[in-house]
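The values are calculated or read from the model by the stated rules, or taken from the named source; none is laboratory data. All values derive from a computational prediction rather than experimental measurement. As a convention, Cβ positions derive from the backbone with ideal geometry for all residues, glycine included, and neighbour counts pool all protein chains shown. All accessible areas refer to the heavy atoms of the entire protein, side chains included, with ligands and DNA or RNA removed. Shrake-Rupley method; radii C 1.70, N 1.55, O 1.52, S 1.80 Å.
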Amino acid sequence: EKFAVSICSVDGQRFDLGDFDDFFCVQSCSKPITYCLALEAIGEAVHKYVGAEPSGKTFNELTLNAKGQPHNPMINAGAIMCGALIKKGGAPSDRFDFVMEKWKTAAGGQKIGFNNAVYLSERQTADRNFALGYFMREKKAFPPEVELLDVLEFYFQCCSIETTTKSMTI
């Protein structure tokens, strides 16, 4: 029902068409940002926990690579793992506030929202993501002292961030 295109050139020229001011949930578009934040937090050590190769499998496949890692940060298992590496050990609310502030900064200070209804829906229908989390925990893929339920909640929250195409293009 909605359509929008937003473009921002490297020198700041802007073009927006359609429903560019309407908010939408970023869902899996959060994965590259989560990966970047994990890289910012611990550098290339991210790849001790997440691979960098395509899996050839679906985005939510219950599988790990030969090293016992999620195949890459752009599948659910990889995004869950990257989330575990951001502000590891911090209070869940502080970790999410940190991510929201990073999204806002990346959007040039424009409003970034959160859709609680989507979050609750994600959480309610997350059997596969819970299975991925428990599978990774069983295989000892997570860093020590990771609270699995906090990591999964964090992943659902990141998928429930709201923005506009106008903000996203920045």
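Criterion first (in contact (Cβ under 8 Å) with a residue 24 or more places away in the chain, aromatic (Phe, Trp, Tyr) and open to solvent by less than 30 Å² (accessible area, probe 1.4 Å)) does residue 155 satisfy it?
yes
Could you tell me how many of the residues in the stretch 25-48 are over 16 Å from residue 152 (Cα atoms) and either among the aliphatic types (A, V, I, L, M) or surrounded by 18 or more Cβ atoms within 10 Å (Cβ to Cβ) (or both)?
If we filter the stretch 25-48 for residues that are over 16 Å from residue 152 (Cα atoms), which is where we start, we get 25-26, 29, 32-33, 36-37, 39-48.
Remaining after also requiring either among the aliphatic types (A, V, I, L, M) or surrounded by 18 or more Cβ atoms within 10 Å (Cβ to Cβ) (or both): 25-26, 33, 37, 39, 41-42, 45-46.
The number of residues fulfilling the criteria is 9.
State all residues of the stretch 1-23 that are assigned to a strand (DSSP E or B) and open to solvent by less than 70 Å² (accessible area, probe 1.4 Å); if no residue qualifies, say none.
Quick first cut of the stretch 1-23, residues assigned to a strand (DSSP E or B) only: 4-8, 14-18.
Within the stretch 1-23, 4, 5, 6, 8, 16, 18 meet the criteria.
To keep it simple, each residue is scored yes or no on (1) of a type in the set (S, T, N, Q); (2) within 16 Å of the chain's Cα centre (by Cα); (3) under 23 Å from residue 46 (Cβ atoms).
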{"residue": "99", "(1), (2), (3)": "no, yes, yes"}
{"residue": "113", "(1), (2), (3)": "no, yes, no"}
{"residue": "118", "(1), (2), (3)": "no, yes, no"}
{"residue": "125", "(1), (2), (3)": "yes, no, no"}
{"residue": "137", "(1), (2), (3)": "no, no, yes"}
{"residue": "140", "(1), (2), (3)": "no, no, yes"}
{"residue": "144", "(1), (2), (3)": "no, no, yes"}
{"residue": "148", "(1), (2), (3)": "no, yes, yes"}
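Checking the structure you have, find out if any residue of the stretch 73-89 is touching a residue at least 12 places away in the same chain (Cβ under 8 Å), within 14 Å of residue 168 (Cα to Cα) and either open to solvent by 80 Å² or more (accessible area, probe 1.4 Å) or in a loop (DSSP other than H, G, I, E, B) (or both). It would help to see each step written out before you state the result.
Step one: of the stretch 73-89, the residues touching a residue at least 12 places away in the same chain (Cβ under 8 Å) are 73-89.
From what is left, the residues that are within 14 Å of residue 168 (Cα to Cα) are none.
Checking the stretch 73-89: not a single residue is touching a residue at least 12 places away in the same chain (Cβ under 8 Å), within 14 Å of residue 168 (Cα to Cα) and either open to solvent by 80 Å² or more (accessible area, probe 1.4 Å) or in a loop (DSSP other than H, G, I, E, B) (or both).
Considering 167, 93, 121, which residue is of a type in the set (Ser, Thr, Tyr) and surrounded by 19 or more Cβ atoms within 10 Å (Cβ to Cβ)? Even if it seems obvious, please write down each step before you answer.
Numbers: 93 fails: surrounded by 19 or more Cβ atoms within 10 Å (Cβ to Cβ); 121 fails: surrounded by 19 or more Cβ atoms within 10 Å (Cβ to Cβ).
Unique residue meeting the criteria: 167.
Checking the condition over 19 Å from residue 65 (Cβ atoms), in contact (Cβ under 8 Å) with a residue 12 or more places away in the chain and of a type outside the set (D, E, K, R), which residue from 131, 106 passes? Full working, then the answer.
Values: 131 fails: over 19 Å from residue 65 (Cβ atoms).
Of 131, 106, the one residue that is over 19 Å from residue 65 (Cβ atoms), in contact (Cβ under 8 Å) with a residue 12 or more places away in the chain and of a type outside the set (D, E, K, R) is 106.
Among the residues of the stretch 136-170, write down those that are within 18 Å of residue 68 (Cα to Cα) and part of a helix (DSSP H, G or I).
Result: 136, 137, 138, 148.
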